[in-house]
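Everything below concerns the one structure shown next.
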Amino acid sequence: MATKISTTVRLPARERLLAAAEALFYEEGVNAVGIDKVIAHAGVAKASLYASFGSKEELVRSYLLMRQEARQRRVTAGLQQYETPRERLLGVFDLLGELMAQADFRGCAFTKAGLEARAGSSVRDTCDDARKWLSDLFVGLVRDAGVDQPAQLAQQLVMLYDGASIAAQMDANPQAAASARVVAAAMLELYLPPVSA
């Protein structure tokens, strides 16, 4: 169960609300957590939530944007350790494996929130934007690895990435990313042009 935010260092109400949202929404789900629970966890007045975000939907959207920015920074920094385009492409699965190894891993926050969101809502749009970023990341990495028409392989790798994330969560299998990496390497070899003698 998530613990209450420490008030030793007094953060602004907006930051405390986002920290509470991060802890509660990811652990328990967006729809399962009521606004009163977020407010109590953050240790703020209800008026602070509405002054900072205006609605629960905007709080959820802001939480997801914060997670997406953190993911982009983590992936961008993590991929810098790899030297070749092929290593960078497969390195995405290594980075996913590092995430899965964390004790608080609960799957993809965007998949979970997207499934709970209404079609056309700002939350769903934010999840769709995060999904597009992941797809674009794979398209670029596949292209850099030397595949002429990268869209098809990129789509397949996104599905593999999703499957690994779900297996890690649902099956309590932290090795799912390593298995997905092996499959991704084999798939990449099928798409690369043959090496001329």
Q: Taking trypsin sites (Lys or Arg not before Pro) as candidate sites, keep only those in a DSSP loop with at most 11 other Cβ atoms within 10 Å, then name the longest stretch of the chain containing none of them.
A: 11-117
Q.
Helix-only estimate, please: 222 nm mean residue ellipticity of the chain, summing -39500 (n - 2.57) across DSSP H runs of length 4 or more and dividing by its residues, to the nearest 500.
A. -23000 deg cm²/dmol
Q. How large is ³J(HN,Hα) for each residue in region 162-175, as worked out from phi by the Karplus curve 6.51 cos²θ - 1.76 cosθ + 1.60 (θ = phi - 60°), to whole Hz, x for Gly and Pro?
A. 4, x, 5, 4, 5, 4, 4, 7, 6, 9, 6, 10, x, 8
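Please list, by residue number, every one of the GluC sites (Glu not before Pro) in region 18-89 that is coil in DSSP and has at most 11 other beta-carbon atoms within 10 Å.
E83
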Q: Could you work out the relative contact order of the chain, using alpha carbon pairs under 8 angstrom and six or more residues apart, expressed as a whole percent?
A: 19
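Convex hull volume of the Cα atoms in region 99-182, per residue, in Å³?
Expressed per residue, the convex hull around the Cα atoms of region 99-182 is 99 Å³.
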Q) Thinking of region 1-102 as a set of Cα atoms, what percent of all their pairs are more than 15 Å apart? A) 66
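Please report the projected area of the chain's Cα convex hull averaged over all directions, in nm². Each step should come with its number before you reach the end.
Values: hull surface 50.3 nm².
Taking the Cα atoms of the chain, their convex hull projects to 12.6 nm² on average.
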Q. For the cross-link pairs K37/K112; K37/K132; K56/K132, which exceed 21 Å when the distance is taken from alpha carbon to alpha carbon?
A. K37/K132; K56/K132
**Q.** Cα-derived Rg over Rh, computed across region 49-89 with Rh taken as Kirkwood radius
**A.** 1.32
Q | ³J(HN,Hα) computed for each position of region 122-137 - Karplus, 6.51 cos²θ - 1.76 cosθ + 1.60, integer Hz, glycine/proline x | A | 5, 5, 4, 4, 5, 5, 5, 5, 5, 5, 5, 4, 4, 4, 4, 4
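Only the coordinates and a few stated rules stand behind these numbers; no lab work does. Only a predicted model underlies this, so the values are computations on that prediction, with no experimental measurement involved. Using ideal geometry, Cβ is built from the backbone for each residue, glycine included, and neighbour counts are taken over all protein chains shown.
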